[in-house]
Amino acid sequence: MNLKILYEDADMIAVEKPQGMPAQPDKTGDLDMLTCLEKQCQMPLGLVHRLDRPVGGVMVFAKRTSAQVETQIAKAMQIGGWSKTYLAVVMGEPKQTKGTWTDYLFRDSRSNTSKVVDAKHKQAKKAILQYEVLDTIQNSEETLSLLKIQLQTGRHHQIRVQCAHHGVPIWGDRKYGKQLQPKGHIALWSYELKGQLPKKKLFCIHSIPQENPFLYFAEILRKL
């Protein structure tokens, strides 16, 4: 399969990750992003960040023109030099139309899950995100809201955990949802990646989801 290329320059390449595709080779043996894109581009690439397997949208790879470039890209993303914005369809409606959620998360490596804990927990890590409700609809006796989310930190399953903790689990998220969730990919999408490398112009890369339940908000998404 050929992945959709969203942006490319001498140092990096950004593509649209399909939902359900792993970022790199794993124990399932399923076709992964890194292997697929290296074959498509006919060059070795560096994995500088990851998206959870169920999540789709903008994903960046470094061209291995030099180890320095790969390190610069990875470091820029890790220290917050790049802005990451997501779209999510959640079940319910947040109490406020916009705001900031600050929680402390603990990652349980045995179960590959994270949970909100007290700030005094020895292994707690601060997790911060900003959200805005773009629209809310009533669908099949369920209330669904479209959120635009900007990460301030990059914790394990952060958006999924925080949304569930604040009473609006992501549609389709059967791991963290507090209620019976519909089957299918979770409604979380990497919408925008904005950043800059040394001596490079600022770039802004977008990807709009084209599947349900995002299609319920198609008119709003067209205006983004």
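Quick test of your reading of the structure: Thr28 fulfils all but one of (1) closer than 25 Å to Ile170 by Cβ; (2) hydroxyl-bearing (Ser, Thr, Tyr); (3) in contact with a Phe, Trp or Tyr (Cβ under 9 Å, 6 or more places away or on another chain). Name the failing condition by number.
(3)
Each row is one residue, and each column tells you yes or no for (1) outside any strand (DSSP E or B); (2) hydrophobic (A, V, I, L, M, F, W, C); (3) surrounded by 15 or more Cβ atoms within 10 Å (Cβ to Cβ).
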position	(1), (2), (3)
Gln123	yes, no, no
Val133	no, yes, yes
Leu144	no, yes, yes
Leu147	no, yes, yes
His156	yes, no, yes
Cys163	yes, yes, yes
Val168	yes, yes, yes
Lys175	yes, no, yes
His185	yes, no, yes
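With (1) touching a Lys or Arg at 6+ places or on another chain (Cβ under 9 Å); (2) more than 16 Å from His49 (Cβ to Cβ) as the list, and Lys194 as the residue in question, which single condition is left unmet?
Unmet for Lys194, out of (1) touching a Lys or Arg at 6+ places or on another chain (Cβ under 9 Å); (2) more than 16 Å from His49 (Cβ to Cβ): (2).
So is Lys115 free of Cβ contacts under 8 Å to residues at least 40 places away in the same chain and over 17 Å from the mean Cα position of the chain (by Cα) or not?
no
With (1) outside the structural domain of Ile159 (by TED's automatic domain parsing); (2) at pLDDT below 95; (3) more than 30 Å from Lys120 (Cβ to Cβ); (4) not hydroxyl-bearing (Ser, Thr, Tyr) as the list, and Met91 as the residue in question, which single condition is left unmet?
In the conditions (1) outside the structural domain of Ile159 (by TED's automatic domain parsing); (2) at pLDDT below 95; (3) more than 30 Å from Lys120 (Cβ to Cβ); (4) not hydroxyl-bearing (Ser, Thr, Tyr), Met91 misses (1) alone.
Ile186 fails exactly one of the following numbered conditions: (1) modelled with pLDDT under 95; (2) of a type in the set (A, V, I, L, M); (3) over 16 Å from the mean Cα position of the chain (by Cα). What is the number of that condition?
For Ile186, the exception is condition (3).
Being more than 12 Å from Gln152 (Cα to Cα) and of a type in the set (D, E, K, R) is the filter here, so list the residues in region 104-131 that pass it.
Just the residues of region 104-131 that are more than 12 Å from Gln152 (Cα to Cα), to begin with: 104-125.
Those that are more than 12 Å from Gln152 (Cα to Cα) and of a type in the set (D, E, K, R): Arg107, Asp108, Arg110, Lys115, Asp118, Lys120, Lys122, Lys125.
Considering His165, His185, which residue is in the same structural domain as Gln96 (by TED's automatic domain parsing) and either touching a helix residue (DSSP H, G or I) at 6+ places or on another chain (Cβ under 6 Å) or over 24 Å from Leu6 (Cβ atoms) (or both)?
Working: His185 fails: either touching a helix residue (DSSP H, G or I) at 6+ places or on another chain (Cβ under 6 Å) or over 24 Å from Leu6 (Cβ atoms) (or both).
Unique residue meeting the criteria: His165.
For every residue, the table says whether it meets (1) of a type in the set (Phe, Trp, Tyr); (2) in contact with a Gly (Cβ under 9 Å, 6 or more places away or on another chain); (3) at pLDDT below 95; (4) not assigned by TED's automatic domain parsing to the domain that holds Tyr131.
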position: Asp30; (1), (2), (3), (4): no, yes, yes, yes
position: Pro54; (1), (2), (3), (4): no, yes, yes, yes
position: Ala62; (1), (2), (3), (4): no, yes, yes, yes
position: Ser66; (1), (2), (3), (4): no, no, yes, yes
position: Gln72; (1), (2), (3), (4): no, no, yes, yes
position: Lys75; (1), (2), (3), (4): no, yes, yes, yes
position: Tyr86; (1), (2), (3), (4): yes, yes, no, no
position: Phe106; (1), (2), (3), (4): yes, no, no, no
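The values are calculated or read from the model by the stated rules, or taken from the named source; none is laboratory data. All of these numbers come straight from a predicted model, not from anything done at the bench. Virtual Cβ from ideal backbone geometry, glycine too; neighbours counted across all protein chains shown.
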